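Q: Supplied in structure tokens, the structure appears directly below.
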Amino acid sequence: RNGCSAVVRRLVLEIGFGDGESLVAMAMVHPEMDYLGIEVHRPGIGHVLLRAEALDLSNLRVMCSDAVEVLRQLPDESLERIQIFFPDPWPKARHHKRRLIQPPFVEMLVSKLKWAGQLHVATDCEDYAHSILNVLRVVPELANVVDGDGFAARPTYRPLTRFERRGQRLGHEVWDMLFARSQPGV
Ligand SMILES: C[S@@+](CC[C@H](N)C(=O)[O-])C[C@H]1O[C@@H](n2cnc3c(N)ncnc32)[C@H](O)[C@@H]1O
């Protein structure tokens, strides 16, 4: 329209990026994609902004806010992928209600994904991994990308972070879950 041609770029959202190590690495390797990171921990925001400036990244934006507040303002069907790596595990049973990945939150996430857009969650907390898998499995608009409806191998685009490398040295396992938005019954 008006002689302008708008290029629609693909947008990936990362929730709770910590110090942004994985977010910066992905934005660097995939200049064709745009990345939006949300984090409530201010030092993490500062860290990622310094790295993005040093690397002259123009495809990375960050917001210091609660993910729910940002999600409410994003248009539906706008995201190529949502990634949540190592959400706070809240291991004590009495704290499980504080865990981020619960059905109402997932419902909101799904509405923001484009059709065939992907939701990728990784955790090193075994019981949280099973709880997340059980939440995602029963969402009618989500289909497990993995044959057999289980955990996924780490997709190569998810960089190993310092946190994960340390876990590997200690023998911790990591569980990846990869689901795609699909029309129910399709
Ligand atoms: C265990 S850390 C993992 C950080 C990073 N993803 C990593 O792999 O190293 C979880 C992060 O999620 C952030 N977080 C928790 N709840 C959040 C929310 N509602 N909105 C945005 N960030 C959140 C925390 O501040 C914390 O930095």
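Since every read-out is calculated from the coordinates, none of them should be taken as a lab result. Keep in mind that this is a model prediction, so the values were computed, not measured. Using ideal geometry, Cβ is built from the backbone for each residue, glycine included, and neighbour counts are taken over all protein chains shown.
Q: Give me a count of the residues in segment 134-162 that are within 24 Å of Gln102 (Cα to Cα) and among the aromatic types (Phe, Trp, Tyr).
A: Residues that pass the stated criteria total 1.
Q: Give the residue that is surrounded by the most Cβ atoms within 10 Å (Cβ to Cβ), with candidates limited to residues of segment 138-177 that are more than 16 Å from the ligand (Cβ to nearest atom) and assigned to a strand (DSSP E or B).
A: Leu142
Q: Please state which one of Ile82, Ile132, Ile101 is out of contact with any Asp or Glu (no Cβ under 7 Å at 6 or more places or on another chain) and assigned to a helix (DSSP H, G or I).
A: Ile132
Q: Further question: Taking segment 118-133 as the region of interest, how many residues are within 14 Å of the chain's Cα centre (by Cα) and either among the charged types (D, E, K, R) or surrounded by 23 or more Cβ atoms within 10 Å (Cβ to Cβ) (or both)?
A: Looking only at that region, the number is 5.
Q: Output the residues belonging to segment 8-35 that are part of a strand (DSSP E or B) and buried (at least 19 other Cβ atoms within 10 Å of the Cβ).
A: Residues satisfying the conditions are Leu11, Val12, Leu13, Glu14, Ile15, Tyr35.
Q: So for segment 87-94 (the condition being within 16 Å of the chain's Cα centre (by Cα), more than 9 Å from the ligand (Cβ to nearest atom) and surrounded by 13 or more Cβ atoms within 10 Å (Cβ to Cβ)), does at least one residue qualify?
A: no
Q: A further question on this structure: Specify the residue that is nearest to the ligand (Cβ to nearest atom); the eligible residues are those in segment 29-76 that are farther than 21 Å from Phe163 by Cα and in contact with a Gly (Cβ under 8 Å, 6 or more places away or on another chain).
A: Among residues in segment 29-76 that are farther than 21 Å from Phe163 by Cα and in contact with a Gly (Cβ under 8 Å, 6 or more places away or on another chain), the one nearest to the ligand (Cβ to nearest atom) is Ala67.
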